[in-house]
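S.K.: Sharing a structure with you now.
The values are calculated or read from the model by the stated rules, or taken from the named source; none is laboratory data. Note that this is a predicted model, so its numbers are computed, not measured. In this analysis, Cβ positions are derived from the backbone assuming ideal geometry, glycine residues included, and neighbour counts consider all displayed protein chains. For the accessible areas, the whole protein counts, side chains as well, though only heavy atoms, and no ligand, DNA or RNA atoms are used. Shrake-Rupley method; radii C 1.70, N 1.55, O 1.52, S 1.80 Å.
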Amino acid sequence: MKIFDHLDKIHAPFKSAVITIGNFDGVHIGHQALFHEVIETAETVGGTSIAMTFEPHPIRVLKQNGQPPLITLYEQKAELIERTGIDVLICVPFTRAFASLSADQFIRELLVKKIGMKAIVVGEDYSFGKNREGSIDLLKSYGPDYGFEVILAGWIKMSKGFTDRISSTKIRELVIDGHMTEAEKMLGRHYQIRGRVVIGRDRGGKLLGIPTANINLHDELCPKTGIYAVTVECRGNQHNGVANIGYSPTFEDHEFTVEVHILDFNDNIYGEKIRVNFIKRLRDEIKFSNISALIDQIKKDIAAAREFFSK
Ligand code: RBF
Ligand code: MG
C-alpha cells in the first residue's frame, strides 16, 4: 500500500481511481466491507483502490473540548487498512482550512481533478464537507457531469445478526463498558491497545511476587476498569496474560494504571513497545483488606486465565 500523507505529494491523478472516504476509526467490519467493495470495483475496471482518511480525527480539530478517545491511532489504522488489500491510502492532514472547503470544491478540485475519481463507494449515511453539506444525493448529482459513479455499500448485509448497527460510536461504548466480546464481533478482531512499558511502582514483583508490565496510554480508548484475560505481543511473540486496569484500591495511592502480568515470562521489557489484546473481562477490581487476600485473588485470576486459554 502506498501512503500519501499530504495532498501536495499527489502529482498526477490515479488510474481509474475507486475511492472511499472516512475517518475509519477502528477499521471495523463495516469499514472493511467498504474497502472490499472498493477493491472489487477497482479490480473489475483495472483501476486503483483508494482509501482517504484524515489525521488528526476531525472531531479533535472541530470540537473545542470534544476529545473522544480513539479505537485505533493512526499507525494501527494504516496497518489494518493495508491488510484489507487497498492500493493507496491518502491521509489528509485535517485543518480548519480543509474543513471549510465547500462540498463543491471538495468534489471538483480534490476528488475529480487531483485524484481522478471514477467511482466512490459510500455507506448509507455518508455526508461530508463543510457543515456536512455534502450528501450522497449531491455526489449522485455531480456524477454524470464529472464522470464518476456512486456506489452504495450495503450495511444491511453486514448488520445481519446484530441488533445494533455497527459503528465506531457503538464500539467505543462497548469498550468503555468492558463488553469486549461484543466489541470483538464488530471489529472483526480483538480490541487492542499499544504502549511502551514504563517503570511502575515496583510493587507487583517485589511486594506481591507478581510482576506486571505497566503501559502508558495516550489517546487510546481504555476499557472499563477491571481484570481481563489478554494476549500480549512483545518482541514479535505472543503470550497469554492477565491485565488489570484501574486504581488498585487495596493500596492508598489510588493511582490509575494499565498493567499486565504475562504468564510464564520473566524478561526485562522496560521501554519496549507491546500490544495488548483484550479477550475476556474476568471481574471488577476489588479493595482487599490485606495484601495476602489480594495475592490469593490474583493467583486465582491467573489460574482462570490459564484455564480459559487452555480451551
Ligand atoms: N489491585 C487491587 O487493589 N484490587 C484488585 O482486585 C486487583 N486485581 C488485580 C488483578 C491482576 C490480574 C493484577 C495483575 C493486578 C491486580 N491488582 C489489583 C493490582 C495490584 O495491586 C498491582 O498489580 C500491584 O499493586 C502492583 O502495582
Ligand atoms: Mg508493574
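S.K.: When only Cα pairs under 8 Å and 6 or more residues apart are kept, what is the percent relative contact order across the chain? Numbers along the way, then the final one.
M.R.: Numbers: 562 pairs, mean separation 50.0, N = 311.
Here the relative contact order equals 16 percent.
S.K.: Tell me, what is the percent relative contact order of region 6-80, built from C-alpha pairs under 8 Å that lie six or more residues apart?
M.R.: Numbers: 71 pairs, mean separation 28.5, N = 75.
Normalised by residue count, the contact order of region 6-80 is 38 percent.
S.K.: Next question, about the same structure. When all protein chains stay in place, what accessible area (Å², nearest 10, 1.4 Å probe) is found for residue 5?
M.R.: 80 Å²
S.K.: Pairwise over distinct Cα atoms, reciprocal of the mean inverse distance: report the Kirkwood radius of region 190-310 in Å, one decimal place.
M.R.: Numbers: mean 1/r = 0.0696 Å⁻¹.
Over region 190-310, the inverse of the mean reciprocal pair distance is 14.4 Å.
S.K.: If you keep only loop residues by DSSP, which trypsin sites (Lys or Arg not before Pro) in region 181-283 have at most 12 other Cβ atoms within 10 Å of their Cβ? Kindly include the intermediate steps, with their values, before the conclusion.
M.R.: Working: sites: 185, 189, 194, 196, 201, 203, 206, 224, 235, 273, 275, 280, 281, 283; in loops: 189, 201, 203, 224, 235.
Within region 181-283, the qualifying trypsin sites (Lys or Arg not before Pro) (loop, at most 12 other Cβ atoms within 10 Å) are 235.
S.K.: Provide the percentage of antiparallel DSSP beta bridges, counting only those with both residues in the chain; round to the nearest 5.
M.R.: That works out to approximately 60 percent antiparallel.
S.K.: Per-residue ellipticity at 222 nm for the chain, helices alone: DSSP H runs ≥ 4 residues times -39500 (n - 2.57), over residue total, nearest 500 deg cm²/dmol? Let's see the in-between values first.
M.R.: Values: 9 runs with 90 residues, N = 311.
About -8500 deg cm²/dmol.
S.K.: Right, something else. Quantify, in whole percent, the carbon and sulfur part of the accessible surface of the chain (1.4 Å probe; protein heavy atoms only). Intermediate results must be reported in sequence, preceding the final value.
M.R.: Values: 7760 of 15340 Å².
Of the solvent-accessible surface of the chain, carbon and sulfur hold 51 percent.
S.K.: Where does helix 136-146 land angle-wise versus the long Cα axis of the chain, in degrees 0 to 90, nearest 10?
M.R.: Result, in degrees: 40.
S.K.: In terms of Cα to Cα distance under 17 Å, which aspartates and glutamates are near enough to residue 130, apart from those fewer than 8 places away along the same chain?
M.R.: 55, 104, 109
S.K.: Still on this model: Enter the Cα centre distance for the pair region 1-80 and region 92-160, rounded to the nearest angstrom.
M.R.: Taking the Cα centre of region 92-160 as reference, the centre of region 1-80 is 13 Å away.
S.K.: Defining a contact as two alpha carbons under 8 Å apart and six or more residues distant in sequence, what relative contact order in percent does region 190-310 show? Please list the in-between numbers first.
M.R.: On the way: 224 pairs, mean separation 39.0, N = 121.
It rounds to 32 percent for region 190-310.
S.K.: Using the Cα centre of region 2-153 as origin and beta-carbon charges of +1 (Lys, Arg) and -1 (Asp, Glu), tell me which of 146, 30, 67 is placed farthest towards the positive end of the dipole.
M.R.: Highest projection toward the positive end goes to 67.
S.K.: Which residue, 195, 241, 209, has the most motion in a Gaussian network model of the chain that connects Cα atoms within less than 10 Å?
M.R.: Among 195, 241, 209, the largest GNM mean-square fluctuation belongs to 209.
S.K.: Over every pair of different alpha-carbon atoms in the chain, take the mean of 1/r and invert it; report that Kirkwood radius in Å. Walk me through the intermediate numbers first.
M.R.: Values: mean 1/r = 0.0465 Å⁻¹.
For the chain, the Kirkwood estimate is 21.5 Å.
S.K.: Return the FRET efficiency for the residue pair residue 268, residue 289: r is the Cβ-Cβ distance, R0 is 45 Å, and the value is rounded to the nearest 0.05.
M.R.: On the way: r = 33 Å, r/R0 = 0.73.
Calculated transfer efficiency: 0.85.
S.K.: If you roll a 1.4 Å probe over the heavy atoms of the protein chains, what accessible area per residue do you get for the chain, in Å²?
M.R.: On the way: 15340 Å² over 311 residues.
Dividing the accessible area of the chain by its residue count gives 49 Å².
S.K.: I want to verify a result. In a Gaussian network model of the chain, Cα cutoff 10 Å, which of these has the top mean-square fluctuation: 277, 268, 216?
M.R.: 268
S.K.: Separate question: Compute the acute angle (0 to 90°) between the alpha-carbon long axis of helix 29-45 and the principal axis of greatest extent of the alpha-carbon atoms of the chain; round to the nearest 10°.
M.R.: 40 degrees
S.K.: What dipole magnitude, in Debye to the nearest 20, does region 11-152 give about its Cα centre under +1 on Lys/Arg Cβ and -1 on Asp/Glu Cβ?
M.R.: On the way: 13 positive and 17 negative charges, 102 e Å.
My answer is approximately 480 debye.
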